[in-house]
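Take a look at the structure set out below.
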There are 2 protein chains.
Amino acid sequence: MPSSTPFAQGWCSLSVLHERIHSRMERALQEACRISVREYSVLQVLDTQQTDDKHLHLKHVAEAVVLSQSATTRLVMRLEERGLLSRAVCDVDRRGIYTNVTKAGRALLATARPASDRALHKAFDEARRDPQLRPLVEALEKAGFPG
Amino acid sequence: MPSSTPFAQGWCSLSVLHERIHSRMERALQEACRISVREYSVLQVLDTQQTDDKHLHLKHVAEAVVLSQSATTRLVMRLEERGLLSRAVCDVDRRGIYTNVTKAGRALLATARPASDRALHKAFDEARRDPQLRPLVEALEKAGFPG
DNA sequence: ATTTTAGATGCATGCGCAAGCAATTAGTTG
DNA sequence: CAACTAATTGCTTGCGCATGCATCTAAAAT
């Protein structure tokens, strides 16, 4: 994935690294609990929102995971249909929707998290062995990323 | 986009940064030349492959942009239908497909590249102002990334 | 001949955009 | 202040499109 400027070249590496990690996590999460990376992300966001006793409107959830509002609506719908979360209209502003992760949802998260972590580490190790990605990976590590 | 481990937290930031850059570039490229980020990436790959006088099979193009083989087939098809590239069976292995960017394709790239670059810089500047992304962006810059 | 590989295709799914609907807020008029 | 209208905001829906998976065909390779 070559490019015109050095800056764009950096973006290409970032992009490839991201896609590689993403596709690995996708497969891992799909296999472990029939869930997509995005669904996992949303559940994760909603779960922490909940433990912090803060409630996010759908719109802010969409922003947090960088997804369109319509896609977020449908994603949350799917999760509700699978019993992983429940929805309720916000009573101070009845346009808003509040969501709560159910027990089943938290159980799924407990399975998904280690699976996702394993996939993430694997992807990173693999990337370190790729000549194109090596500098980027090292840059991230040197700067204390991730972690 | 919070998470369980620090490592996963890093992945979340990386993910958000990527999505932000991506959606900005998508809009910019769409507006500038009715082309998607992926189509741009593929064109870019094929163009450099060509100037280096090397020919890639579709399969390797797919790997380079981290896309499935089927999606790559159809993407290249779309680009051919728009007259941005031409396809030909490889004569030493008639299973393989070779592709060449046309004059129109190179013209489009000439428009797309600066548009994409502008979007990229904008997205980076914006990210630097986001508390969640700031450490990641600085990490990348400190380590000489991108560029 | 069998197996393997490159690419194409049917199908189901998730996405973004644009339009729509309902609730809220701001502004106007009596 | 109350009542009405306009503009905004949060979410949903219709629709077309790109993607991945599984499957298929044709061409090497064994």
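For B:THR51, inter-copy separations between label points set 7 Å beyond Cα along the Cβ vector come to 5.0 nm, shortest first. Each other copy places its own label point for A:ASP130 at 2.2 nm from this one, sorted shortest first, where the point lies 7 Å along the Cα-to-beta carbon line.
Averaged across A:53-65, how many Cβ atoms of other chains sit within 10 Å of each residue's Cβ atom?
1
A:GLN69 label point (Cα plus 7 Å toward Cβ) to equivalent points in the other copies: 4.2 nm, shortest first. Listed values for region B:67-79 are Karplus-derived 3J(HN,Hα) couplings in whole Hz (6.51 cos²θ - 1.76 cosθ + 1.60, θ = phi - 60°), namely 9, 5, 4, 5, 4, 5, 3, 6, 5, 4, 4, 4, 5, and x replaces Gly and Pro. Checking the cross-link pairs A:LYS59/B:LYS122; B:LYS59/B:LYS103; A:LYS54/A:LYS103; A:LYS122/B:LYS122 against a 27 Å limit on the alpha carbon distance flags A:LYS122/B:LYS122 as lying beyond it. Taking amide H atoms as placed 1.01 Å from N in the peptide plane, the amide H of B:LEU85 lies under 5 Å from those of B:GLU80, B:THR102, each 5 or more residues away in sequence or on another chain.
Extending 7 Å from Cα along the Cβ direction at A:ASP53 and again at A:ALA104 yields two label points whose distance is 2.9 nm. For the protein assembly as shown, the residue among A:ALA64, B:MET77, A:GLY10 whose Cα projects farthest onto the positive side of the dipole built from Cβ charges is B:MET77. Its Cα centre serving as origin, chain A has a Cβ charge dipole (Lys and Arg +1, Asp and Glu -1) of approximately 260 debye. The chain A residue nearest the rotation axis shared with chain B, using its Cβ and rounding the distance to whole Å, is A:HIS18, 2. Each helix, a run of at least 4 DSSP H residues, gives -39500 (n - 2.57); summed and divided by the residues of the protein assembly as shown, these come to -22500 deg cm²/dmol at 222 nm. If the Kirkwood radius is taken over C-alpha pairs of region A:1-79, then at 4 °C and 1.567 mPa s the Stokes-Einstein diffusion coefficient equals 90 µm²/s. For the peptides A:127-133, B:117-123, residues were scored by their other Cβ atoms within 10 Å and the scores averaged per peptide; the highest-first order is B:117-123, A:127-133. Applying a DSSP loop filter and a limit of 13 other Cβ atoms within 10 Å to the trypsin sites (Lys or Arg not before Pro) in region A:34-108 leaves A:ARG34, A:LYS54, A:ARG94, A:ARG95.
For the protein assembly as shown, what is the charge dipole size about the Cα centre, in debye to the nearest 20, if Lys and Arg each add +1 at the Cβ and Asp and Glu each add -1 at the Cβ?
440 debye
Distance between Cα centroids, region A:90-147 to region B:8-79: provide it in whole Å. Taking the Cα centre of each part, region A:90-147 and region B:8-79 sit 23 Å apart. Counting only other chain Cβ atoms within 10 Å of each residue's Cβ, the peptide A:13-26 averages 4.
Throughout, read-outs are computed from the coordinates displayed, never taken from laboratory work. Worth saying up front: this structure is predicted, and the values here are computed from it rather than measured. FYI the Cβ positions are ideal-geometry reconstructions off the backbone, even for glycines, and counts take in every protein chain you see.
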